[in-house]
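Here is the structure we will look at.
Each reported figure results from applying straightforward, stated rules to the coordinates on display, with no laboratory input. Everything quoted here is computed from the prediction, not taken from an experiment. Glycine also receives a Cβ, built like all others from the backbone with ideal geometry; neighbour counts cover every protein chain displayed.
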Amino acid sequence: FKDLGGNRITDMATNMKRDNFKNMGGDRITDMAMNMMGNNFKDLGGDRIADMAMNMMGDNFKDLGGDRIADMAMNMMGDNFKNMGGGKVVLMAKEMSKDTISRIGNEQAKGMAVAMERNQISTLQSDQLVGLATGIKSEQIVEIGNDRLFAMVDKIDKGDVESLGEGHLSSMMSGIQGSEIGRLDKGKKVSIVQNLNAKFFGQEQSDFKEIQGGSSTTSRPTVSDELLGKTRISSDNSKQKVSNAFGRLKFE
């Protein structure tokens, strides 16, 4: 494959079907991908890239490396990740660094997140989850749904919460059900409030009981499964939603 070069490999792969890649096996597919560059994956298109990836195994992705996996991912769309399945998507994500995964593109990062289940997201490292979250536009991250948002926030180390930035953190918290927020450990809750700043809640107090007492108990909407990746909730409302969520909790 090295002697063929990326352009010829791309020409060959473009004319292959899913069964052809299956018959090739992961090792040969990896050899192909290693000798392709970003423009080659762009020419190949998301459907063929997904056909390649779904026939690769964990060791194949590890051999391929995060940068080449990112070249593949940034030329795929949400449906491509969905068709691959969360099991393959999480193997891709595990080989990408925080910085790499944050640069693959909004639709791509969102597509990866939606393709994975809660228990798959929780196997990623804290910094990888920060990269995945910040790779999605803050006003759209709520679209991945309560379960995935909770899995992210729950797994992200309290020391990494600040890396999310207030915009992303507030949007993520606004998409998590109040009962789920209550399951976070106390140190994580403290870190969240510290990084949102007491003024974020429209008051000066940063004590949980004071926040609870000064917050509205108005219920807020949740995103249904069928609307995942489609419904946008304005970031203008996120402060009130987070305040409501914390306001319904008991921090003993």
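Some observations on this one:
- Every residue from segment 116-154 that is part of a helix (DSSP H, G or I) and in contact with a Leu (Cβ under 8 Å, 6 or more places away or on another chain): ILE121, VAL130, LEU132, ALA133, THR134, ILE141, VAL142, GLU143, ILE144, MET152, VAL153, ASP154
- Some residue of segment 88-96 being over 23 Å from MET54 (Cβ atoms) and outside any helix (DSSP H, G or I): no
- Qualifying residue in segment 110-117 (condition: of a type outside the set (Asp, Glu) and closer than 22 Å to ASP43 by Cβ): yes
- Filter result for the condition that a residue is of a type in the set (Lys, Arg) and within 23 Å of GLU166 (Cα to Cα), over ARG148, ARG68, ARG48: ARG148
- Failed condition for GLN108, given (1) in a loop (DSSP other than H, G, I, E, B); (2) within 24 Å of LEU164 (Cα to Cα): (1)
- In this structure, ALA113 does not qualify as assigned to a helix (DSSP H, G or I), of a type in the set (A, V, I, L, M, F, W, C) and touching a His at 6+ places or on another chain (Cβ under 7 Å).
- Test: residue in segment 121-142 that is surrounded by fewer than 16 Cβ atoms within 10 Å (Cβ to Cβ) and either hydrophobic (A, V, I, L, M, F, W, C) or closer than 30 Å to ASN83 by Cα (or both): yes
- Looking only at segment 77-107, residues that are within 18 Å of GLY65 (Cα to Cα), within 10 Å of the chain's Cα centre (by Cα) and of a type in the set (S, T, N, Q) come to 1 in all.
- Residue match in segment 61-75 (condition: surrounded by fewer than 22 Cβ atoms within 10 Å (Cβ to Cβ), within 20 Å of GLU117 (Cα to Cα), under 13 Å from the mean Cα position of the chain (by Cα) and not hydroxyl-bearing (Ser, Thr, Tyr)): no
- Failed criterion for ALA13 (all others in (1) under 22 Å from LEU124 (Cβ atoms); (2) crowded, with 17+ Cβ neighbours inside 10 Å; (3) touching a Lys or Arg at 6+ places or on another chain (Cβ under 8 Å) hold): (1)
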